[in-house]
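Every read-out reported here was derived from the displayed coordinates using simple, explicitly stated rules and does not represent laboratory data. Values in this document were obtained by computation on a predicted structure and should not be read as measured data. Cβ sites come from the backbone with ideal geometry, for glycine too, and all protein chains shown count toward neighbours.
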Amino acid sequence: MFHLTTVQKRILFNCFRQGIYFFLCLFFALSLRGLAHTYKAATFKEFGVIENIQLLLLCFSSISFFIQGIFSKKFRPLLFFFSSLCVFAFFREMDSLFDTLIPFISWKFCYLFPILSLFYLYKKRNNIKKALFLFFTSPAFYIMCSAMIIFIPLAQAIGNRGFISSVLPDAHDVILMRRFIEESAEILAYFLLFISSVEFYISLIKKSK
């Protein structure tokens, strides 16, 4: 029998939890194959199955951060800011719809959400420093960083139309490949963002109670 200290038990629990997250991400990524097999070309179209899942993940993440912020005074400004970023991304994903509904402003009105939350964050700046550094040392921060790495360098940089067109001469193939890379990366990034919202509660809020 192994006799583990409290610290060792906590480390093993964290490793087990991160392992679960890894296999969830792997299962989620592999499930895209099944969706593509079922929905064919419609999988990655505007407001297709992939984009609808993206919107659901952003919605769940925003609600998760927001509800945690309501019940956690210590982390409230930070959590409301993360929630507002999810709302921003949610409306940004519907840019084609807002291009039609509000042609002059389009989706850009959603900048209002993170700007307002930044004002709130600044107002509570004296109380947020400790919470911010606690967040920087938590697994939630590193999971969120992983989501940003997937979202920006992979989805936005590698999924760039100009980059892909330099190696694919067929314009039709460029559009399909760009959409495939961008949407596949974004859905995984949004899934990691949702996991980060769950981990925020487990590693920070629950521990601070």
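Can you give me the pair-distance distribution of the range 134-209, C-alpha pairs, 10 Å bins, whole percents?
Here the calculated profile for the range 134-209 is 21, 35, 22, 14, 7, 1.
May I ask for the angle, rounded to the nearest 10°, between helix 112-123 and the longest principal axis of the chain, with both axes built from Cα atoms and the value confined to 0 to 90°?
Taking Cα atoms only, the helix is inclined about 20 degrees.
When Lys and Arg each count +1 and Asp and Glu each count -1, what net charge do the other residues less than 10 Å away from Q156, Cβ to Cβ, add up to?
-2
I'd like the distance separating the alpha-carbon centroids of the range 126-145 and the range 173-209, in whole Å.
First find each Cα centre; the distance between them is then 17 Å.
How big is the charge dipole of the chain about its Cα centre, in debye rounded to the nearest 20, if each Lys and Arg gets +1 on its Cβ and each Asp and Glu gets -1 on its Cβ?
1440 debye
Restricting attention to the range 57-137, which chymotrypsin sites (Phe, Trp or Tyr not before Pro) occupy a DSSP loop and are surrounded by at most 13 other Cβ atoms within 10 Å? Please list the in-between numbers first.
On the way: sites: F60, F65, F66, F71, F75, F80, F81, F82, F88, F90, F91, F98, F104, W107, F109, Y111, F119, Y120, Y122, F133, F135, F136; in loops: F75, F104.
Answer in residue order: F104.
Can you give the charge dipole size of the range 32-147 about its Cα centre, rounded to the nearest 20 debye, using +1 on the beta carbon of Lys and Arg and -1 on the beta carbon of Asp and Glu? Write down the numbers at each step before the final one.
Numbers: 13 positive and 5 negative charges, 152 e Å.
Taking the Cα centre of the range 32-147 as origin, the dipole is about 740 debye.
What FRET efficiency do you get for A41 and C145 if R0 is 35 Å and r is their Cβ-Cβ distance, rounded to the nearest 0.05?
0.55
Compute the distance in nm between two label points, each set 7 Å from the Cα along the Cα-to-Cβ direction, one at K129 and one at K9.
3.5 nm
How large is the dipole of the range 1-75 about the Cα centre if only Lys and Arg carry +1 and Asp and Glu carry -1, each at its Cβ, rounded to the nearest 20 debye?
It comes to approximately 320 debye.
Would you mind calculating the relative contact order of the chain from Cα pairs under 8 angstrom and at least 6 residues apart, reporting the percent as a whole number?
With pairs under 8 Å counted, the relative contact order is 23 percent.
Report the full-extension gain for the segment I202 to F136: residue separation times 0.36 nm, less the Cα-Cα distance, to one decimal in nm.
Stretched fully, the I202-F136 segment lengthens by 22.3 nm.
So which trypsin sites (Lys or Arg not before Pro) in the range 21-84 pass both tests, a DSSP loop state and at most 10 other Cβ atoms within 10 Å of the Cβ?
When the trypsin sites (Lys or Arg not before Pro) of the range 21-84 are filtered for loop state and at most 10 Cβ neighbours within 10 Å, nothing remains.
For every helix of n ≥ 4 consecutive DSSP H residues, a contribution of -39,500 (n - 2.57) applies; sum these over the chain, divide by its total residues, and give [θ] at 222 nm rounded to the nearest 500 deg cm²/dmol.
-24500 deg cm²/dmol
Report, to the nearest 10°, how far helix 6-39 tilts away from the longest principal axis of the Cα atoms in the chain, using its own Cα long axis and a range of 0 to 90°.
Once rounded, one gets 20 degrees.
Angle between the Cα long axis of helix 49-71 and the longest principal axis of the chain, 0 to 90 degrees, nearest 10?
Rounded to the nearest ten degrees, it is 30.
Under a Cβ-Cβ cut-off of 14 Å, what is the net charge of the residues other than L79 that fall near it, where Lys and Arg count +1 and Asp and Glu count -1?
+4
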